[in-house]
Amino acid sequence: MQIDLIKGHGSGNDFLLIDEITNSYSFSESERSQLATLLCDRDSELGADGILFIMKSNHADGRMRVFNTDGSEASMCGNGLRLVARYVCEMQGLNEAVIETMKADLKVSKQTDIYPSVPTYQVEISPVSFRLGDLPLNLNEPNLINEKIRELSEELTFSALAVPNPHLISVVETDQLKSGVQKEISEQVNNPNTLFPDGVNVSFVKSLDEGSIYVNTFERGVGFTNACGTAMSASSLVTCLQGLNHVEEIINVYNNGGKVQCVVHENNENYSIDLIGNATYLYHAKIEVELARKTFQVSSKEEFAEQQTYERLQAEAQAYLKKTGL
C-alpha cells in the first residue's frame, strides 16, 4: 500500500502523521499496530515515537488516535495533539478547533509563537483524575499525592494521576536526576509487576527558578523520550499542589527537546491544564508498505524548513538548563 505522511515533533517528541480525512485509507486495528512498530523503528529510514492517525469525527473537527512504537494505543498524547491541532486547523482554515480523543473532546487553538517563527498551538489536557483505580495503581489508598511507595524507593515521594494517561511523578533534586534511579523504577513498573498492571509513565521533576521546572520522562510503550506532553502537564499540576508553582499562572516547562508552557486551571477541585508549545513539521514523505513482509520503502521525501528555527529555541533552552546545573 502507498501512504502519504508528515513527520513532525512537539518539543522533540516526534511522530508520523497519517491523514485519514482526505485520503481513502482503511486500516484494520492490527494494521495500525503493525504500522507503528514497522515505521517507528529507529533503525529504519523514518523512525518516531509513534503514529498519529488523523481521522474524521462525527461530532468534532477531527479525531486523533495515537499508537506507540511497541504497537500499543495511547489514550492521549499532548505533544502529538499539538501537531494534530495544526494539521486540522490549517486544513479547515480554523484558528480554534475541537479534537476527539479516546477519553475526551479537547479544545485546541493557534497561539502567538512561543519563539519567533515557531508554529505554536495550545491544547487542553483533561480529564484529570487522582483516583488510583483510573491508572490503575494497586495500593490500599484512594489516591497518592507526595507520598512514598516503599516497593519503589525508601527515599523518594510520588504523586499518581491520570490525565488521562497514567503518570507517576516525583519531585527530585539534581543528583537524583543523574543517579540512574529513574531508569530502575521505570523498568520495574513497566515490566510485569503488581503495582501497575498496565504500566505507567514515570517523570522526575526538578524545580528551577520561580515559574520554571524541568521534566524528564520515561514513557510507557516508548522509553525515555525528549518530552511527553501529558507528563509535562501532570508535572505542572503536581508542582502547584506542592506549592512550588501556582494555578492560573504560566509555568515554563523545560525538557530535553526544548520548552513548553503550561497553565493549570482549578474549578471546585477539578483540574485541567493548557499545554502550549511548538508544532513543527520536519518532512513530507510517500512510502510503499508491505506489511506481510514487514518492509517499506520511501519513494519521496520533501523537507520543511522549520527545524532550523526550532533549533534556536532548543539551544536557548539547553543553555538555560546548563546554567542550572542540568
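The values are calculated or read from the model by the stated rules, or taken from the named source; none is laboratory data. Predicted model only: the values in this text are computed from it and were never measured. Reconstructed Cβ throughout: ideal geometry from the backbone, glycine too, with neighbour counts over all protein chains shown. Just so you know, the surface numbers come from the protein's heavy atoms only, side chains and all, with ligands and any DNA or RNA stripped out. Shrake-Rupley method; radii C 1.70, N 1.55, O 1.52, S 1.80 Å.
Can you name the residue in the range 76-100 that is part of a loop (DSSP other than H, G, I, E, B) and within 21 Å of Val253 (Cβ to Cβ) and is also nearest to the chain's Cα centre (by Cα) among such residues? Spell out how you get there, then give the answer.
As a first pass, look at the range 76-100 and keep what is part of a loop (DSSP other than H, G, I, E, B): 76-77, 93-95.
Checking the rest, the ones that are also within 21 Å of Val253 (Cβ to Cβ) come to 76-77.
Details: Met76: 8, Cys77: 4 Å.
If we take residues in the range 76-100 being part of a loop (DSSP other than H, G, I, E, B) and within 21 Å of Val253 (Cβ to Cβ), then Cys77 is nearest to the chain's Cα centre (by Cα).
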### Task
Looking only at the range 100-117, count how many residues are touching a residue at least 40 places away in the same chain (Cβ under 8 Å) and either open to solvent by less than 20 Å² (accessible area, probe 1.4 Å) or small (Gly, Ala, Ser) (or both).
2
### Test: Leu139 is among the hydrophobic types (A, V, I, L, M, F, W, C) and crowded, with 21+ Cβ neighbours inside 10 Å
no
### Query
How do the pairs read when you match residues in the range 137-157 that are farther than 16 Å from Pro197 by Cβ with residues anywhere that are among the β-branched types (Val, Ile, Thr) and assigned to a loop (DSSP other than H, G, I, E, B), using Cβ under 7 Å and keeping only pairs 6 or more apart or on different chains?
Asn146/Thr157; Glu147/Thr157; Lys148/Thr157; Leu156/Val172
### Task
Count, please, the residues in the range 142-182 that happen to be in a helix (DSSP H, G or I) and surrounded by fewer than 20 Cβ atoms within 10 Å (Cβ to Cβ).
5
#### Entry: Failed item in (1) open to solvent by 50 Å² or more (accessible area, probe 1.4 Å); (2) closer than 30 Å to Asp4 by Cα; (3) not aromatic (Phe, Trp, Tyr); (4) not in a strand (DSSP E or B), with Leu313 passing the rest
(1)
## Note on the structure
Of (1) part of a loop (DSSP other than H, G, I, E, B); (2) within 21 Å of Phe67 (Cα to Cα), Asn193 fails just (2)
### Residue among Gly199, Gly211 that is open to solvent by less than 20 Å² (accessible area, probe 1.4 Å) and within 22 Å of Phe67 (Cα to Cα)
Gly199
#### Entry: Cross-chain or 6+ apart pairs with Cβ under 9 Å, the range 273-295 first and open to solvent by 30 Å² or more (accessible area, probe 1.4 Å), then outside any strand (DSSP E or B) and modelled with pLDDT under 95
Glu288/Met1; Glu290/Met1
### Message
Going by what's in this entry, would Glu20 be described as touching a residue at least 12 places away in the same chain (Cβ under 8 Å) and acidic (Asp, Glu)?
### Response
yes
### Message
All but one of (1) under 22 Å from Gly50 (Cα atoms); (2) open to solvent by less than 10 Å² (accessible area, probe 1.4 Å); (3) part of a strand (DSSP E or B) hold for Asn216; state the number of the condition that does not hold.
### Response
(2)
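Can you tell which of Arg86, Arg82 is closer than 19 Å to Ala285 by Cα, of a type in the set (Lys, Arg) and surrounded by 22 or more Cβ atoms within 10 Å (Cβ to Cβ)?
Values: Arg82 fails: closer than 19 Å to Ala285 by Cα.
Criteria check complete, one pass: Arg86.
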## Note on the structure
Per the filter on the range 39-67, residues open to solvent by 10 Å² or more (accessible area, probe 1.4 Å), assigned to a strand (DSSP E or B) and out of contact with any Ser or Thr (no Cβ under 7 Å at 6 or more places or on another chain) are Met55, Arg65
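Looking at the range 244-266, which of the residues that are outside any strand (DSSP E or B) and modelled with pLDDT under 95 is least open to solvent (accessible area, probe 1.4 Å)?
First pass over the range 244-266, keeping only residues outside any strand (DSSP E or B): 244-249, 256-257.
If we keep only those that are modelled with pLDDT under 95 too, we end up with 256-257.
Numbers: Asn256: 62, Gly257: 0 Å².
Going through the qualifying residues, I end up with Gly257.
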